[in-house]
Amino acid sequence: MCGIVGYVGFRSVADILLDGLEQLEYRGYDSSGIAVKCDNDIKVYKAVGKLKNLREELKSHVKEFEKSTMGIGHIRWATHGAPTVLNAHPHTCTHGNLVLVHNGIIENYKELRAELEKEGCVFKSQTDTEVAAHFIAKKYDETHDLTEAVRLASKEIEGAYALCVMHNDYKDTIVATKRNAPLLVGIGEGEYLIASDVPAIIKYTKKAMYLSENQIVTVTPDSMKLIDKDGNEVQPKIELLPWEPVALSKMGYKHFMLKEIHEQPDVIRNILVGKLHTAAEPVILDEVKLTKDTLKKLTRIQIIACGTSLHAAMVGKYLLETFCGIAVDVEASSEYIYRRTVTDEHTLVIGVSQSGETADTLTAIKQAKARGSHILIITNRPDSSMAREADSLLSVNAGIEVSVAATKSYIAQLMAFYLLALYMAEIKGSTDKSIIQSIKNELMILPQKIEQVLANTDEIQKCARKYSNTKDFIYIARGINLPTALEGALKLKEISYINATGYAAGELKHGPIAMLDDTMPVLSILMKGIVYDKLLSNSEEAKARNARMIALTNSNDPKLEDLFECIIRVPEVQEFLSPIIAVIPLQLIAYYIAEFLGKDVDQPRNLAKSVTVE
Ligand code: F6R
């Protein structure tokens, strides 16, 4: 997490840095800071909290930096040291001559710090980052060359980092490098921008270069030099970013989350374009680069992801196993990377990630790739680090998701799995054609059904208000909707901070039922299908313990009226497709509860949209 921006050119730098940081606010928002080169000095300004606090802080200093045309900026999500002004970036060396911003984690910072302190460096913060400032300054004192200092220091720094460095001896030079953290350079006329992500630079240029691992770039207003870790010059690979500057607007909605929930019907329509024409025609997925023959012979798939993407992966498992008859394992990326996994060239490995930058998933993907597996990436960011690792890239085109809580990207990931499962089933001939056609028919009319849910949220809002004062919340489901229960609970806890948990309903009586009493809401995801009756029995068991029962259902079964104190209805769809429609009211319940409670819906505490540290 954390976002970094750098600029050298001819424009007033503070505005560019602040604009850029605003675009990167999704990466963290607990403190921020900028460093700008003024006449003979580098000035550093920092503030705790949201970016608006830094803007406020800068107002009384405008005269000091208004002419400056070079600087670096940072927006932080704390890993080492609390969010305080001292821990906020930029960090400086003992004498303040070298200034840097960092995204990532320096793993050997304790050893380096002890060494540097012995040598007389004075540390001001508790961060791992400050070590880099002192260490690069030390190398600079030895070499009197900033690029060389960065290169030598990065050989000894362990961990993940994207660094942007300035030195007082240089009036117009920034040096940057990266390892396992994203960084790109925007190339303008007489100016260069450096940033963690495209939105921070796209307003100024579409011409850019992504740094590869361990490369070091040195920019001045009219030059850019790229070297590798051994100091050899490298030819930059310049590309045109397929992006338009977008004004991030809430379009009249109170929060981005609500806007993004309402965008979901169009997200489904978009992903179907060019892939599913009619129910009678096969699904077209040119993105999948495995030959038909290899696909037919596949016996094993592993899907790796985190958080909401992990829940989409769980639905994916259900679909791929059911329609394609292939064994699928789903695993949290953070668990996958520190054990011996049975992954080889015969395994298809699918990485799922909205951002395409999640550190754990990226590491897992790289490990699987090194073992020879074909890597299929499902992401909302075709320009991301994960996309660059992909053998097959399935871009879900959900559009920028601003709210930290993932909603439309989840729906888009689900859609990617439906298309993939149908595509593979058609190639393998592993599912009856009539079943495949009926699913395709329903997929095409799903957007209208979701629109019906979105058009009438009275019952959902009533239910949200009724339970907004609860401390705990349980979601139960079975089968293909177990991930829906987990996702509903995740949405609620992350934006309202209510302790919400999703359970496989059959597991309730093996322990969790002990928690039930007349204060506990239990939301049962009762979609018609093979587990409907079983789930109804599990709901009876919960009711018998006086739990406050809520149904999310597509059934008009009169029995429900007695069992549930609140019933939320969604249009009927076949069971296979129910995860898509069932999650919508759960996103809305979480949203309305958080909103009633006055929480910061789009930027909940302690979270960041892109988790680029392990
Ligand atoms: C929840 C949420 C997170 C992400 C997780 C993975 O609303 O947004 O749980 O799903 O951090 O992120 P990506 O999908 O970018 O890899």
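Roughly how many whole Å is it from the C-alpha centroid of region 444-493 to that of region 162-184?
Their Cα centres are 45 Å away from one another.
Compute the long axis of helix 146-156 from its Cα atoms, compare it with the longest principal axis of the Cα atoms of the chain, and write down the angle in degrees, 0 to 90, nearest 10.
So the helix axis and the longest Cα principal axis differ by about 50 degrees.
What would the Debye formula give as log10 I(q)/I(0) at q = 0.10, 0.21 Å⁻¹ for the alpha-carbon point model of region 58-180, no solvent?
Once normalised to I(0) and log-transformed, intensities are -0.29, -1.27.
I'd like the projected area of region 268-328, averaged over all directions, using the convex hull of its alpha carbons. Report it in nm² with one decimal.
The orientation-averaged projected area of the Cα hull of region 268-328 comes to 5.2 nm².
Step by step: find N for region 373-531, compute 2.2 N^0.38 Å, then divide the Cα radius of gyration by it. What's the final number?
Normalised Cα radius of gyration, region 373-531: 1.24.
Filter the cross-link list LYS203/LYS491; LYS275/LYS528; LYS259/LYS609 down to pairs whose alpha-carbon distance in this structure exceeds 22 Å.
Going by Cα-Cα distance, LYS203/LYS491; LYS275/LYS528 fall outside the 22 Å limit.
Would you calculate the convex hull of the Cα atoms in the chain and tell me its volume per residue in Å³?
Normalising the Cα hull of the chain by residue number yields 157 Å³.
Any idea how far the Cα center of region 408-426 sits from the one of region 297-311, in Å?
One Cα centre to the other: 12 Å.
With no solvent and one point per C-alpha, what does the Debye sum give as log10 I(q)/I(0) for region 450-508 at q = 0.22, 0.28 Å⁻¹?
Log-scaled intensity ratios, in q order: -0.97, -1.09.
Just how far, in whole angstrom, is region 316-341 from region 22-73 if you go by their alpha carbon centroids?
Centre-to-centre (Cα) distance: 44 Å.
Evaluate the Debye formula for region 499-583 with equal point scatterers sitting on the alpha carbons, no solvent, and hand back log10 of I(q)/I(0) at q = 0.13, 0.16, 0.24 Å⁻¹, in q order, two decimals.
Values, matching the q order: -0.38, -0.58, -1.27.
Under a straight-distance cross-link criterion of Cα-Cα below 28 Å, which lysines are reachable from LYS138, leaving out those fewer than 8 residues away in the same chain?
LYS37, LYS43, LYS46, LYS110, LYS118, LYS124, LYS155, LYS171, LYS178, LYS225, LYS229
Rounded to the nearest 10 degrees, what's the angle between the helix 482-496 long axis and the longest principal axis of the chain, both from Cα atoms, 0 to 90?
Its long axis makes an angle of about 50 degrees.
Step by step: find N for region 542-595, compute 2.2 N^0.38 Å, then divide the Cα radius of gyration by it. What's the final number? Before the final figure, lay out each step's value.
On the way: Rg = 12.5 Å, N = 54, 2.2 N^0.38 = 10.0 Å.
Taking the Cα Rg and dividing by 2.2 N^0.38 Å, one obtains 1.24.
Mind scanning LYS462/LYS509; LYS50/LYS207; LYS462/LYS534; LYS254/LYS449; LYS237/LYS599 and naming the pairs with a C-alpha gap bigger than 32 Å?
Too far apart for the 32 Å limit: LYS237/LYS599.
Normalised by the number of residues in region 172-296, what is the relative contact order in percent for Cα pairs under 8 Å and 6+ residues apart?
In percent, rounded to a whole number, it is 18.
Let me see the pair-distance distribution of region 171-276: every alpha carbon pair, 10 Å bin width, integer percents in order.
13, 33, 25, 18, 11, 0
If contacts are Cα pairs under 8 angstrom and at least 6 residues apart, what is the relative contact order of the chain in percent?
It comes to 12 percent, rounded to a whole number.
Could you calculate the contour length gain from ASP41 to GLU56, that is, 0.36 nm times the residue separation minus the distance between their Cα atoms, to one decimal place in nm? Walk me through the intermediate numbers first.
Details: separation 15, 0.36 × 15 = 5.40 nm, distance 2.21 nm.
Separation in residues times 0.36 nm, less the Cα-Cα distance, equals 3.2 nm.
Jot down the per residue volume, in cubic angstrom and as a whole number, of the convex hull over the alpha-carbon atoms of region 346-396. Walk me through the numbers on the way to the answer.
Working: hull volume 2.8 nm³, N = 51.
Value for region 346-396: 55 Å³ per residue.
Using alpha carbons only, how many degrees (0 to 90, rounded to 10) separate the axis of helix 129-143 from the longest principal axis of the chain?
Orientation of helix 129-143: about 30 degrees from the principal axis.
Give me the extension gain from GLU575 to LYS534: residue separation times 0.36 nm, minus the current Cα-Cα distance, reported in nm with one decimal.
Gain on extension, GLU575 to LYS534, equals 13.3 nm.
Expressed as a rounded percentage, what relative contact order does region 365-505 have, with Cα pairs under 8 Å and six or more residues apart?
14 percent.
Once Rh for region 299-386 is found with the Kirkwood sum over Cα pairs, what is the Stokes-Einstein diffusion coefficient at 20 °C and 1.002 mPa s, in µm²/s?
170 µm²/s
From the P(r) of region 1-95, can you give the percent of Cα pairs sitting at distances over 19 Å?
33 percent
Per DSSP helix of 4 or more residues, -39500 (n - 2.57); summed, then divided by the residues of the chain. What does that give at 222 nm, rounded to the nearest 500? Don't skip to the end; give the middle numbers.
Values: 20 runs with 226 residues, N = 614.
The helix-only estimate for the chain comes to -11000 deg cm²/dmol at 222 nm.
Bear in mind these aren't lab numbers, they're just calculated from the coordinates by the rules spelled out. Small disclaimer: the values here were computed from a predicted structure and weren't measured.
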